[in-house]
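The values are calculated or read from the model by the stated rules, or taken from the named source; none is laboratory data. What you see is a predicted model; the values in this text were computed from it and never measured. Cβ sites come from the backbone with ideal geometry, for glycine too, and all protein chains shown count toward neighbours. With ligands, DNA and RNA removed, areas are computed over all heavy atoms of the protein, side chains included. Shrake-Rupley method; radii C 1.70, N 1.55, O 1.52, S 1.80 Å.
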Amino acid sequence: MVLLQDGVIAFLSAVGLTTVVWFLAGAVLHAGRPTVPGLLLVLPLRGEALAMEADVRELRRVQGRLPGAKILLADCGLTEDARGLAQYLADREKNADLIDPKEVDAYFS
């Protein structure tokens with residue numbers, strides 16, 4: 001019985017020590033938030049784009065976890081009212097633009 005208790009204690013000690021080393025190595029090696037330079041989050045929009053506001057809100061949430069990411073709202077045939085809303089949303093966001101799909105290549109150069 002003592003051998004079993006010693007074995008369990010040794011196992012838990014090894015797991016605990018490994019966890020501590022893992023967290024310390026993670027803190028040292030990943031000191032800053034990861035950045036992905038030039039990351040584009042492209043949202044193609046067409047027609048009335050009824051879910052545009054919710055989609056932009058979701059992209060903004062994702063963008064918060066990816067520093068340096070840029071939101072592109074691609075006009076793939078929006079109606080006049082929807083284009084106005086898309087322009088408003090792009091102007092309201094700090095790191096967002098409303099573009100034509102042909103302009104996407106300009107962001108890669």
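Among residues of the stretch 85-109 being in a helix (DSSP H, G or I) and hydroxyl-bearing (S, T, Y), the one that is farthest from L45 (Cα to Cα) is Y107.
Out of all the residues in the stretch 67-77, is one or more in a loop (DSSP other than H, G, I, E, B), open to solvent by 100 Å² or more (accessible area, probe 1.4 Å), under 23 Å from D100 (Cβ atoms) and not acidic (D, E)? No, the stretch 67-77 contains no residue that is in a loop (DSSP other than H, G, I, E, B), open to solvent by 100 Å² or more (accessible area, probe 1.4 Å), under 23 Å from D100 (Cβ atoms) and not acidic (D, E).
So that you can scan it fast, the table gives a plain yes or no per residue for (1) at pLDDT 85 or above; (2) open to solvent by less than 40 Å² (accessible area, probe 1.4 Å); (3) outside any helix (DSSP H, G or I); (4) not charged (D, E, K, R):
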{"site": "V20", "(1), (2), (3), (4)": "yes, no, no, yes"}
{"site": "P44", "(1), (2), (3), (4)": "yes, no, yes, yes"}
{"site": "R57", "(1), (2), (3), (4)": "yes, no, no, no"}
{"site": "R83", "(1), (2), (3), (4)": "yes, no, no, no"}
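For the stretch 47-66, what are the residues that are free of Cβ contacts under 8 Å to residues at least 24 places away in the same chain, among the basic types (K, R) and over 21 Å from T79 (Cβ atoms)? Correct list: R61, R65.
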